[in-house]
Amino acid sequence: MKKLSFLALCVVVVSAAMVILSEVPTAEAVNCSPFQLIWCLPAITRGTRPSDLCCTKLDEQEPCLCGYIKNPNLQQYVNSPHARDVSATCGVPYPKCS
């Protein structure tokens, strides 16, 4: 009987832990690297349609875009007329940075 009670207690504890942990948001670390957006360069500079790889990388780098806008070496690309088009085509919101 003791073994059954202990087993039942273990099941309850494990179940409770799973419920609690499933509600904790997990944060994925983003490696901010403007070189990841090299696939978008033709679309940004020439206005061509962005590739699927460009859109994937742009989506991955979305949390980094404000940092790129603030970087004097990257501003010309991120603020270019075609950058908004690429953003819209890829479905990645153009950043509103403060």
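The values are calculated or read from the model by the stated rules, or taken from the named source; none is laboratory data. Here the structure is a predicted model, which means the values were calculated and not measured. Cβ atoms come from the backbone with ideal geometry, glycine included; neighbour counts cover every protein chain shown.
Of the helices (runs of 4 or more DSSP H) entirely within region 52-98, those holding at least 1 residues that are within 12 Å of Pro34 (Cα to Cα) and under 13 Å from the mean Cα position of the chain (by Cα) occupy 52-61, 65-70.
With respect to being in contact (Cβ under 8 Å) with a residue 40 or more places away in the chain and within 15 Å of the chain's Cα centre (by Cα), Pro34 fits the description. When region 27-48 is filtered for residues that are closer than 19 Å to Asn73 by Cα and charged (D, E, K, R), only Arg46 remains.
Of all the residues in region 37-51, those that are under 18 Å from the mean Cα position of the chain (by Cα) and surrounded by fewer than 18 Cβ atoms within 10 Å (Cβ to Cβ) number 3. Counting the residues of region 55-98 that are under 14 Å from Leu41 (Cβ atoms), among the β-branched types (Val, Ile, Thr) and at pLDDT below 95 gives 1.
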